[in-house]
Amino acid sequence: MEDMGWVHRPKVALTPTRGRLIGIALLVAAYVGLVLLRTHDITRTFWLFSDQILYWDTAQLTFTQQPLVGPEQHVGGYALGPTYSWFVWLSRVTLGPFVDNLPHAGAVFQVLVHSAFDGMLLYALWRKTRSIWQAAAAMLLVTTAPYDLALSATLWNPSLASAAIKGAMAAVLLGWPERSLVGVGVVAGLAWVSMHFHVPAVFCVMSVFVALVITPVIKRDYRLVGLRASVIAMVVGVMQLPYLVHRMSAVPGTEAGGVAVTGSLGATLSGQAPLRIVESVLGLGHAIDRILVDPWEAAWVGWVVAVCAVAVVVRRRNDMSLQALTVLPLLFSVVGYAFWVGSFDEYYYLSQMTPVVLTVLFGATALAGRRANYVGVAALILALALLPGRVSQARTIHRMPGCALLVDGSREVLRRGVTVRAITADFLPTGADPECLFGLLGGDIDPEGAWVARIQSDGLVSWESVASR
């Protein structure tokens, strides 16, 4: 219709294609933002201590020389598979050549993978809640927690276990297991690989496995239950073959691992040690406060999680797979650690922080009813308001500001081409190795060398003759 020169056209609706493009742009922006946030200043402050040195030194071996077990666990033995060693090796051969084979390449590679799983979780929550506000708030609250943010930029296995759990949970929320048995296998593999990284992720792994079978159990489709359980068992069995080969080839009498765990279970079940339900609840609450609330303190946050957990159980009772990803990991964690006689270190609970945030998200929105979107907007505003303080706090955790000086000093020693008996750097914290980067850059420490190189706090190198000592 045309009137007085004006052409009246119908309003153009947002097409599905345009909507998908906007969604992709938001996900890419979130991924890039997380990568930049996590890798900020990583070359200058990379955390380089015994674990990181061990992992990167092992990555210098050929693939066929990689161990068939995972990182050594503080409870004795090793993680249940070699995937972490393979992962670090892959980071060394792909990114290592671009950064002179320095170990922060492994951390950058880990960040790239971890952030991809975070993006996957963001997309899954967006699809599940149909609210970008709720999804973005949950992602920000999980990924910018100071402890999580700091560990994600280090070469350390617990962070990657947490990332794998996020990927498995995202896949369940996206409905992969409902599409085919292949989807069940992929989710089972994503969950179980976290056991190759860090054994305390077991409570989240068990919960994901429950989520994979709970729907057909409720529908009494026992044939499908059997098929899914068989796929899970097959995936786990295949993934454990390297560990089985390791155990079969191990020297007889060596420790199979987990003696602290079996000892705790034995002591509790025999009555020698009490069941520590209260201590376990307090341990989880302390971890939530230390990981998610830091740098502030909020003793009441545990009650918020408890109320939201009840809300999820009651209001979301028809979505049992969602309950398996939110409340169940926390329940398994409390019950499991009640049999533990040791201390409750915060990083044991790193993988459980995603279920904690999801429990609060789905519990709060369930209580809000039709006003759920307002809750999402408020949560996003809160997450953005907390962001500067959380990022600042993360910059103080697991950082080694002298890393850049050590790199520059090691390069200077290598450039001089003299034989050195030792390299020292008094500005490094206790536990750091001033000679490791020199070796990675191609230098050799000669026990008969004529010089000792001292890397000073200003980055300059001084020399001391062994003969003058």
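The conditions are (1) assigned to a loop (DSSP other than H, G, I, E, B); (2) free of Cβ contacts under 8 Å to residues at least 40 places away in the same chain, and Trp340 fails exactly one of them. Which is it?
Status for Trp340: all satisfied but (2).
From the set of residues in segment 270-294 that are farther than 11 Å from Glu346 by Cα and of a type in the set (Val, Ile, Thr), which is surrounded by the fewest Cβ atoms within 10 Å (Cβ to Cβ)?
Applying the filter and picking the extreme gives Val278.
Looking only at helices (runs of 4 or more DSSP H) that fall completely inside segment 372-469, which ones have 1 or more residues that are exposed (fewer than 14 other Cβ atoms within 10 Å of the Cβ) and in the same structural domain as Ile132 (by TED's automatic domain parsing)?
The helices (runs of 4 or more DSSP H) meeting that bar are 372-394.
Out of (1) surrounded by fewer than 22 Cβ atoms within 10 Å (Cβ to Cβ); (2) closer than 16 Å to Met139 by Cβ, the odd one out for Thr326 is which?
Of everything listed in (1) surrounded by fewer than 22 Cβ atoms within 10 Å (Cβ to Cβ); (2) closer than 16 Å to Met139 by Cβ, Thr326 misses just condition (1).
Do we have Gly342 as buried (at least 23 other Cβ atoms within 10 Å of the Cβ), of a type outside the set (Asp, Glu) and assigned by TED's automatic domain parsing to the domain that holds Phe46 here?
It is false that Gly342 is buried (at least 23 other Cβ atoms within 10 Å of the Cβ), of a type outside the set (Asp, Glu) and assigned by TED's automatic domain parsing to the domain that holds Phe46.
In segment 427-447, what residues are on the phi > 0 side of the Ramachandran plot and touching a Ser or Thr at 6+ places or on another chain (Cβ under 9 Å)?
Correct list: Gly431 only.
Which pairs do you get when a residue that is closer than 16 Å to Val360 by Cβ and touching a residue at least 24 places away in the same chain (Cβ under 8 Å), found in segment 290-308, comes within reach of a residue that is among the acidic types (Asp, Glu) and assigned to a helix (DSSP H, G or I), reach meaning Cβ atoms under 8 angstrom, with the pair 6+ apart or on two chains?
Ile291/Asp148; Ile291/Glu346
The values are calculated or read from the model by the stated rules, or taken from the named source; none is laboratory data. In this text the structure is predicted, and so the values were computed from the model without any measurement. Cβ sites come from the backbone with ideal geometry, for glycine too, and all protein chains shown count toward neighbours.
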